[in-house]
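Below is one structure; the comments refer to it alone.
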Amino acid sequence: MFGIQASATDRPASGDLTAVARESGGPPRGSAEREVIVRVEGLGKRFGGQWVLQGVDLEVRRAELFGVIGADGAGKTTLLRLLSGLLRPTCGRITLAGRETRSEDEALRGGIGYMAQQFSLYRDLTVTENLRFFADAFGVSETDRREWLPRLMAAARLADVSDRRAMHLSGGMQKKLALICALVHRPQVLLLDEPTTGVDPVSRREFWQILTDLCLGGMTVVLSTPYMEEADRCSRLAVLDRGRLLACGTPSAIRSRMPGRLFEVQLSQPDQGRLVLSRLAAVQAVERWGDALRVRTTRDASLEELSQALSAAGLEVRQIREVTPRMHEALAVLIAEAAGSPLCAAAPMPQPERTAAPAQGHGRVEKGADSAPPATGAGDGGLSHGRA
């Protein structure tokens, strides 16, 4: 059950956030007690006459790092705000640790930490003053906060800037300050809405180390992210599209939903190769990534078929191999299938960070697909269309 179960005298002295999470009362990651702590059943939300979330069923286990992904407008922020109690559902129910939020919002508020997508702390207050403000809001005693707040700042590496106003912090520091403000009352469930958007790669890595430590200590983290490499670091993922849950499962199970085969081709003239391959009947899409081509084909296509077509066009093939789909590629196909077409080029899609951006004009070439999505079930590697 939610609650603070460690007193000031028996807390560990380190600033390690693994220990911070353990003090929230949850068993550490790997414990046999990985019970469902968040359950969503038939959840829907309507604004006026528009449904922005409909028929969502989810289960999140204790100490899980659970990700929510999807295109802009998919309903990710609405879902997190419903879980936090900031919005009331139009239909369905949400239970946290076995207690329904609709009737017990106030009682459960102390067990939930929420970090909004936009920086929403007081910019003219210092790091310490912001922390003390939230400690007041959550009723943290003066005795506890004297020992607790310095440990949070040390764990987030903000101790050296404790007297700096929030408006003068870097973007990464502001994100970490917002995170520890959400942790000041030691919640068991932490909800984060795109917490690393606009943060540099180094700060993002540090932020994710904090999240890993929290989950190792037994805290449950539910977050949305537009970055597909971050999605790959989650225990499980929920894929939303236009307010509906498309799939729920491990990252590998989500990627395995992409039908057909995927090849990576390296050749001396990728632009010409892209045009040659796009004419083949078995090729569904060709996308350029730096000096390589990512070629999605039907299941019956072969490596030899692609190589022969390129050689017949007088192009030198340096390497061609079958590869595993990246998360954004699988997500694009899932969303396009839900829209009723093999791949909707017009659909806004989250894009991963690229180490070598393609030159202007080297966009995706799309063709029709031939197959329906595979059925889900016991053999799908942990993927489901709802509760997992």
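The values are calculated or read from the model by the stated rules, or taken from the named source; none is laboratory data. Computed from a predicted structure; not experimentally measured. Reconstructed Cβ throughout: ideal geometry from the backbone, glycine too, with neighbour counts over all protein chains shown. Only protein heavy atoms, including side chains, enter the accessible area calculation; ligands, DNA and RNA are left aside. Shrake-Rupley method; radii C 1.70, N 1.55, O 1.52, S 1.80 Å.
Find the accessible area per residue for the stretch 203-263; the probe is 1.4 Å, ligands and nucleic acids are left out, and the unit is Å². Kindly include the intermediate steps, with their values, before the conclusion.
Working: 1640 Å² over 61 residues.
Per residue, the stretch 203-263 has an accessible area of 27 Å².
First compute the accessible area of the stretch 151-246 with a 1.4 Å probe, then give the percent of it belonging to carbon and sulfur atoms.
Looking at the stretch 151-246 in its full context, I get 50 percent from C and S.
Quick one: net charge of MET173's neighbours, Cβ under 14 Å, K/R +1, D/E -1?
Working: positive: ARG123, ARG157, ARG164, ARG165, LYS175, LYS176, ARG204; negative: ASP160, ASP163, ASP200, GLU206.
The answer is +3.
Can you tell me the accessible area per residue over the stretch 54-182, all protein chains present, probe 1.4 angstrom, in square angstrom?
Each residue of the stretch 54-182 exposes 43 Å² on average to a 1.4 Å probe.
Suppose each label sits 7 Å from its Cα in the direction of the beta carbon; what would the ARG88-GLN319 distance come out to in nanometres?
Reported label-point gap for ARG88 and GLN319 is 5.9 nm.
Multiply the residue separation of ASP72 and GLN272 by 0.36 nm, subtract the distance between their alpha-carbon atoms, and state the gained length in nm to one decimal.
Here the segment from ASP72 to GLN272 would lengthen by 68.7 nm.
Full extension from ARG46 to GLU142: what is 0.36 nm times the residue separation minus their Cα-Cα distance, to one decimal in nm?
Between ARG46 and GLU142, full extension yields 30.4 nm more.
Computed FRET efficiency, Cβ-Cβ of GLU129 and ARG205, R0 35 Å: what is it to the nearest 0.05?
0.80
Evaluate the distance, in nm, between pseudo-label points positioned 7 Å from the Cα of SER162 and of GLU264 along their respective Cα→Cβ axes.
If labels sit at SER162 and GLU264, their model points lie 4.7 nm apart.
In the stretch 45-94, what percent of the accessible surface is made up of carbon and sulfur (1.4 Å probe, ligands and nucleic acids excluded)?
So the carbon and sulfur contribution to the accessible surface is 43 percent.
Among DSSP beta bridges whose residues both lie in the stretch 167-261, state the antiparallel percentage, nearest 5.
Counting DSSP beta bridges with both partners in the stretch 167-261, the antiparallel share is about 50 percent.
For labels at SER252 and SER307 in the simple 7 Å Cα→Cβ model, what's the distance in nm?
In this crude spin-label approximation the distance works out to 2.8 nm.
Zone of ARG99 (label point 7 Å along Cα→Cβ, backbone N under 17 Å): which residues in the stretch 132-148?
138-140
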